[in-house]
Structure formats: structure tokens, C-alpha cells
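Structure first, commentary second.
The values are calculated or read from the model by the stated rules, or taken from the named source; none is laboratory data. Here the structure is a predicted model, which is why all the values come from computation and not from measurement. So basically every Cβ, Gly included, is an ideal-geometry build from the backbone, and we count neighbours across all protein chains shown.
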Amino acid sequence: MNHKKDIAPGLDFSLFLQDGNMTPSRIKGIRKRFGMTQVVFADLLGVVHITYCTWERGVKRPSSPACALLQIAEKYPEVFLAKRREIIEGVLKFFGKKG
């Protein structure tokens, strides 16, 4: 099964399966690099603001699909902004979830 998508050259969702290092400070750092508030960044990721806040505070850990989205946003910020909807759909499909 090929999980590569034509979203970005060489973007393979299976590369984003490791979520063990998605710490609250890393999550906040990704958001800060985008220069966004928690509300705006949560919306960009397609999650509820309160859910996002629990990740930044370390109350809860993001799901595997959410970690994949965060890692893609971190590694490919321009692509993530330009093709956010396609990336979210691809990640959800990869993890077998419906959007």
C-alpha cells in the first residue's frame, strides 16, 4: 500500500507515525512559528479550541492523526497552509477516520 500523496514532493504520511516527541512546548512552538493565537491555530488544524489548549497545557496528548498534522505543519509550513484541506483529508484517510 502506497501512502504517498501528491500534496508535497515526497510527503509520505507513514513518516509521521512517531508521535512520542510531541510535547506541549513543541506544540506551542509550532503554533508560535505560524504567529497565530490558539483559537486560530486550532481552527487551522480542524480541532476545537479547548481540545488544542489541553495539548499545549499537557493535560491531554494529541491523537495520532493530530500529531501527524502537527508534524507536517512543522516540517512543511508553506505546504500545510496552501493545501491544508487536502492534507487533513489525506491524514484522516491514512488513519482510517472520517472527517
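Those residues that are hydrophobic (A, V, I, L, M, F, W, C), in contact (Cβ under 8 Å) with a residue 40 or more places away in the chain and over 15 Å from residue 25 (Cβ atoms), I need them from the range 52-68; list them, please.
Matches in the range 52-68: 68 only.
Name the single residue that is modelled with the highest pLDDT among those in the range 79-91 being more than 10 Å from the chain's Cα centre (by Cα) and assigned to a helix (DSSP H, G or I). Talk me through it step by step, then tell me what you get.
As a first pass, look at the range 79-91 and keep what is more than 10 Å from the chain's Cα centre (by Cα): 79, 81-83, 85-86, 89-90.
Within this subset, residues satisfying the condition of being assigned to a helix (DSSP H, G or I) are 79, 81-82, 85-86, 89-90.
Working: 79: 85, 81: 90, 82: 87, 85: 83, 86: 85, 89: 83, 90: 81.
Per the criteria, the residue is 81.
Identify, please: which residue in the range 79-99 is loosely packed, with under 12 Cβ neighbours inside 10 Å and touching a helix residue (DSSP H, G or I) at 6+ places or on another chain (Cβ under 9 Å) and is, among those, nearest to residue 65 (Cα to Cα)?
97
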